Amino acid sequence: MRIRRRSDRRASLTRRAGAVVLIGLLTALVPVLHPEQVSAASGVDDYPARLRNAPQDSLVDPWRFYNRECTSFVAWRLNSENLVAFDDFWRGAHWGNASNWRAAARSLSIPVDDNPTRGAVAWWAAGSAGSSRGHVAWVQTVGGGAITIEEYNYLHAGKYDTRTISSSSSLWPSGFIHIKDTQVRNTSSPTVTGTPQVGVPLVTSKGTWSAKGLTFSFQWLANGVPIKGATARSFTPTATQLGDVIRAKVTASKAGAHAGTAQSAPTDSVAKGVFVSTTPPAVSGTAQVGVPLSGTDPTIKPATSLQYQWLADGVPVAGATAPTFTPTADQLDSVLKLKVVARAAGYRVLRIRSAPTNAVNPGAFEVRTPPSIAGVPQVDQPLTASAGVWKPAGRVALQWLADGVPIAGATGSAYTPTPDVLRKQISLQVKVRQRGYADAVASSAPTTAVAPGTFLNTVPPAVTGTPQVGVALTAHAGAFTPRATIAYQWTVDGIEVPGATNRSFTPRPQDLGKQVAVEVVASRPGYLTAIVPSPATVAVAPGVIRNMAVPVVSGKPVDGHRLTATEGAWSITPDSVHFQWYAGTSPIVGATSAAYVVTPAEAGQRIHVMATAVSAGYTTAHASSAATDPVVLGTVAFDKPTIAGHHVVGRTLLARVTGVTPQSAVAHYRWFRGVDPIRGAREATYVVRPNDLGHRLRVEVTMRAPNWVPRTERSAVVDDIRTAPSLRASMSIRSGRVDLTLHVTAPGLASPDGAVRVWRGSTRVGTFDVTDGVGSDLLRHLSKGRHTLTIVYRGDQQIPTRTTVPVTVS
């Protein structure tokens with residue numbers, strides 16, 4: 001809005017009709033009505049003079065807004081500074097009054113936010129603190145928490161003004177429309193000077209731009225791809241850019257504006273670099289086998305790592321790639337040169353050779369330290385050869401001498417004198433040779449005469465084991481250097497035991513209380529014999545007889561029977577073995593022989609024997625046999641049991657035992673059904689059970705008496721068990737004939753079966769079967785009167801049963 005009367009309008013209502021016609025005409029004549037050059041300088045009123053000098057709202061500007069309105073000026077800035085061909089119907093939207101600009105922008109998805117940038121449109125909503133009817137302005141600068149804007153028709157009606165507004169001010173815009181912010185424009189491309197070659201610097205100009213006070217940054221490109229780190233105004237191509245075309249990209253920046261970029265024209269392809277050498281390599285030293293030669297580096301720019309190769313008669317020497325080289329026999333009589341090669345990525349290879357040397361002369365050995373012998377000249381004591389120090393080392397051949405005469409086979413770096421050279425002097429002859437060198441010979445000074453060898457006892461002899469009669473002791477020879485032939489001699493209290501020359505020795509009874517030691521005798525040809533005694537043991541203790549197997553008692557522990565004991569087995573054969581018999585834990589008086597006859601006094605007790613082994617020089621040893629079973633007086637005797645009673649369910653059977661010895665014996669019973677014991681049936685009597693039906697029964701009797709062996713006997717089996725049935729008869733009379741029904745029940749049988757015979761006196765009047773406990777029959781005709789019928793029933797596993805019943809026929 002503006003403060004005065006004509007705030008933020010496009011035209012008064014009275015002039016709109018004519019303006020519509022004019023707008024249509026001007027729309028077709030926009031190029032004609034836009035004579036001003038589109039170039040501007042923000043910060044000054046550069047609004048086109050034709051529009052600025054005409055009365056406000058008297059003209060429609062080239063952008064289809066009324067002149068000297070805020071919308072007309074912002075459209076001018078968007079065209080001139082932002083380079084947007086903006087007008088009232090830009091991109092198909094009708095922008096119209098300032099209050100409508102945010103809606104138009106959003107309809108086109110143009111950003112509207114609270115972030116000011118240079119070139120953005122500052123927009124105030126109608127009715128806001130900054131404008132009553134809406135207003136637009138152009139953002140010139142942003143910074144320090146404030147913006148500076150350019151505008152028309154606000155502080156002064158139809159006039160240009162600038163304002164700086166703080167973000168904390170109530171006049172801060174309602175939003176910012178980002179149609180297209182300002183951008184720095186390149187007007188003349190940068191150019192690159194220099195030769196596009198590896199190692200040669202290239203320099204770019206900045207080019208020319210549409211604004212001043214710019215900040216420039218640079219980026220070099222190889223084949224259009226940014227070169228990492230190449231962000232200075234100059235750039236020196238490396239091997240990485242070999243063959244590429246180079247461009248310089250210049251970016252111009254200015255606060256509040258979009259940065260602009262421009263690229264130079266491409267260079268030719270980057271060529272390889274060229275080394276420059278001012279001095280060649282040189283070789284110093286004497287050309288002789290074994291004498292080092294040194295090469296000096298040539299002067300090369302740019303500096304780089306160098307490779308070396310020595311040549312012999314123009315042929316590369318394998319492995320000779322260092323600045324120094326020592327000729328070998330392979331180069332004898334050859335002329336040497338040093339070839340230096342300079343290489344660097346992206347550069348042409350440079351090869352330079354030194355001047356040739358004289359022909360290589362043969363080498364000469366130099367003895368710096370003469371040969372020598374280290375060690376003691378003694379049999380089996382090694383001597384060590386030192387070939388001396390030679391320059392060069394060469395191939396050394398050694399020969400040991402005894403009194404000046406070569407020792408056969410003694411050509412190693414060490415030699416151990418043998419008994420063959422005893423009392424002779426030893427010396428060393430050294431021959432040195434190497435291809436390309438003259439042979440050299442030197443000898444050491446002789447040693448003193450070789451002395452006999454002596455043994456070194458590194459581990460003293462020892463005796464291990466327990467010093468005890470009968471227990472073997474073992475001799476340990478220890479360790480002797482060098483290896484020796486070992487012999488042993490055992491001593492007791494310092495006196496040699498005749499014949500005791502083995503490695504082991506068992507103290508005898510006569511050695512009891514004495515100390516034992518062993519003498520180790522070491523011998524070897526060319527050596528002095530060594531005799532080394534071991535430390536003596538403690539006094540020999542009595543031997544211990546160990547029982548290897550206890551005595552065994554044979555025989556039965558029965559009154560009157562003979563028991564016999566063995567002596568057992570012992571770790572030695574004892575001088576004698578004594579016996580003592582025991583009943584329980586008490587010794588039996590007088591029972592001290594190897595046999596004993598059991599008496600009634602031992603009844604119920606267990607017998608064992610103790611054997612005692614006795615031998616001179618040994619402690620007495622004892623061993624007890626296993627105990628026998630308790631002593632018994634005999635085996636209980638009795639006759640075969642019998643069974644009395646009827647073998648019918650419900651009846652009682654009685655087991656009988658006769659002829660019992662001893663009479664104090666007590667009977668124990670157990671009844672069996674077939675082969676299976678009957679649970680709980682352990683009395684002399686047994687009541688036959690329904691489960692016994694059809695089985696055979698027997699009884700087992702065990703007679704026991706204190707100190708007697710019990711005895712068990714079984715009775716003979718009884719016959720198959722049967723049951724006693726019960727009969728119940730019922731009758732009816734039909735035409736003088738009796739209809740008889742018989743009901744049968746029998747213990748142990750759920751459904752008894754059988755056959756029935758009915759008698760009147762001696763005359764049979766009926767016969768029928770019983771099935772599942774029931775049977776019936778219509779008897780023969782009986783005369784009128786009273787009769788007595790006898791019913792006889794027989795069935796499997798049942799006792800034959802009969803009953804009588806009276807019957808009256810009327």
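Numbers at a glance
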quantity: Residue check, residue 266 part of a loop (DSSP other than H, G, I, E, B) and open to solvent by less than 50 Å² (accessible area, probe 1.4 Å); calculated: no
quantity: Whichever residue in region 542-561 is of a type in the set (A, V, I, L, M, F, W, C), surrounded by 13 or more Cβ atoms within 10 Å (Cβ to Cβ) and assigned to a strand (DSSP E or B) and, among such residues, is modelled with the highest pLDDT; calculated: 553
quantity: Residue in region 381-389 that is more than 28 Å from residue 454 (Cβ to Cβ) and surrounded by 15 or more Cβ atoms within 10 Å (Cβ to Cβ) present; calculated: yes
quantity: Some residue of region 287-308 being farther than 30 Å from residue 236 by Cβ, β-branched (Val, Ile, Thr) and either outside any loop (DSSP other than H, G, I, E, B) or open to solvent by 60 Å² or more (accessible area, probe 1.4 Å) (or both); calculated: no
quantity: Condition check for residue 225: open to solvent by 20 Å² or more (accessible area, probe 1.4 Å), under 58 Å from the mean Cα position of the chain (by Cα) and among the aliphatic types (A, V, I, L, M); calculated: yes
quantity: Residues (among the small types (Gly, Ala, Ser) and open to solvent by 60 Å² or more (accessible area, probe 1.4 Å)) located in region 752-810; calculated: 761, 762, 776, 783, 810
quantity: Given (1) within 30 Å of residue 709 (Cβ to Cβ); (2) assigned to a strand (DSSP E or B); (3) open to solvent by less than 50 Å² (accessible area, probe 1.4 Å), number of the condition residue 564 does not satisfy; calculated: (3)
quantity: Matching entry among 481, 454, 491, 485 (being closer than 30 Å to residue 380 by Cβ, of a type in the set (Val, Ile, Thr), surrounded by 17 or more Cβ atoms within 10 Å (Cβ to Cβ) and in contact (Cβ under 8 Å) with a residue 24 or more places away in the chain); calculated: 491
quantity: All positions within region 180-217 that are crowded, with 18+ Cβ neighbours inside 10 Å and at pLDDT 90 or above; calculated: 190, 192, 196, 197, 198, 202, 204, 207
quantity: Out of 348, 423, sole residue that is of a type in the set (D, E, K, R) and under 58 Å from the mean Cα position of the chain (by Cα); calculated: 348
quantity: Yes/no for residue 696 being open to solvent by 80 Å² or more (accessible area, probe 1.4 Å) and closer than 17 Å to residue 715 by Cα; calculated: yes
quantity: Pair list, Cβ under 7 Å, 6 or more apart: region 300-320 residue free of Cβ contacts under 8 Å to residues at least 24 places away in the same chain, other residue open to solvent by less than 70 Å² (accessible area, probe 1.4 Å); calculated: 313/334; 313/335; 316/309; 317/310; 317/311; 317/331; 320/309; 320/310
quantity: Out of 661, 628, 612, 620, sole residue that is surrounded by fewer than 14 Cβ atoms within 10 Å (Cβ to Cβ) and either touching a residue at least 40 places away in the same chain (Cβ under 8 Å) or β-branched (Val, Ile, Thr) (or both); calculated: 620
quantity: Per-region count, region 269-286, residues surrounded by 14 or more Cβ atoms within 10 Å (Cβ to Cβ), at pLDDT 90 or above and in a strand (DSSP E or B); calculated: 2
quantity: Region 87-108 residues that are more than 13 Å from residue 134 (Cα to Cα), paired with ones that are among the acidic types (Asp, Glu) (beta carbon under 9 Å, 6 or more apart); calculated: 87/61; 94/88
quantity: Strands (runs of 3 or more DSSP E) completely within region 314-374 that count 3 or more residues being out of contact with any Lys or Arg (no Cβ under 9 Å at 6 or more places or on another chain); calculated: 372-374
quantity: Residues of region 598-653 satisfying the condition of being β-branched (Val, Ile, Thr) and in a strand (DSSP E or B); calculated: 607, 609, 612, 614, 619, 631, 632, 635, 642, 643, 648, 652
quantity: Any hit, region 797-806, residues being closer than 22 Å to residue 693 by Cβ, of a type in the set (A, V, I, L, M) and either out of contact with any helix residue (DSSP H, G or I) (no Cβ under 6 Å at 6 or more places or on another chain) or modelled with pLDDT of 95 or more (or both); calculated: yes
quantity: Residue satisfying all of: in region 238-255; among the charged types (D, E, K, R) and not in a strand (DSSP E or B); most open to solvent (accessible area, probe 1.4 Å) among these; calculated: 254
quantity: Given (1) free of Cβ contacts under 8 Å to residues at least 40 places away in the same chain; (2) within 30 Å of residue 284 (Cβ to Cβ), index of the condition residue 437 fails; calculated: (1)
quantity: Selection count, region 775-807, where residues are without any contact (Cβ under 8 Å) to a residue 40 or more places away in the chain and in contact with a Gly (Cβ under 7 Å, 6 or more places away or on another chain); calculated: 1
quantity: Qualifying positions in region 87-134 - open to solvent by 30 Å² or more (accessible area, probe 1.4 Å), at positive phi and among the small types (Gly, Ala, Ser); calculated: 92, 109, 127
quantity: Subset of region 74-86 (residues that are of a type outside the set (Asp, Glu) and touching a residue at least 60 places away in the same chain (Cβ under 8 Å)); calculated: 74, 77, 78, 82, 83, 84, 86
quantity: Which listed residue, of 442, 385, 408, is aliphatic (A, V, I, L, M) and either in contact with a Phe, Trp or Tyr (Cβ under 6 Å, 6 or more places away or on another chain) or part of a loop (DSSP other than H, G, I, E, B) (or both); calculated: 408
quantity: Scope region 494-538; condition exposed (fewer than 15 other Cβ atoms within 10 Å of the Cβ), touching a residue at least 60 places away in the same chain (Cβ under 8 Å) and in a loop (DSSP other than H, G, I, E, B); matching residues; calculated: 525, 528, 535, 538
quantity: Strands (runs of 3 or more DSSP E) enclosed by region 173-214 - at least 1 residues per element that are under 30 Å from residue 116 (Cβ atoms); calculated: 175-177, 186-188
quantity: Those residues of region 561-581 which are touching a Ser or Thr at 6+ places or on another chain (Cβ under 8 Å) and within 14 Å of residue 631 (Cα to Cα), in sequence order; calculated: 563, 581
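Yes or no, residue by residue, for (1) in contact with a helix residue (DSSP H, G or I) (Cβ under 9 Å, 6 or more places away or on another chain); (2) under 18 Å from residue 149 (Cβ atoms); (3) in a loop (DSSP other than H, G, I, E, B):
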| site | (1), (2), (3) |
| --- | --- |
| 68 | yes, yes, yes |
| 71 | yes, yes, no |
| 74 | yes, yes, no |
| 85 | yes, no, yes |
| 101 | yes, yes, no |
| 104 | yes, no, no |
| 109 | no, no, yes |
| 117 | no, yes, yes |
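The values are calculated or read from the model by the stated rules, or taken from the named source; none is laboratory data. Predicted model only: the values in this text are computed from it and were never measured. Because the Cβ atoms are built from the backbone with ideal geometry, glycine has one as well, and the counts that use them run over all protein chains shown. Calculation scope for accessible area: heavy atoms of the full protein, side chains included, ligands and nucleic acids excluded. Shrake-Rupley method; radii C 1.70, N 1.55, O 1.52, S 1.80 Å.
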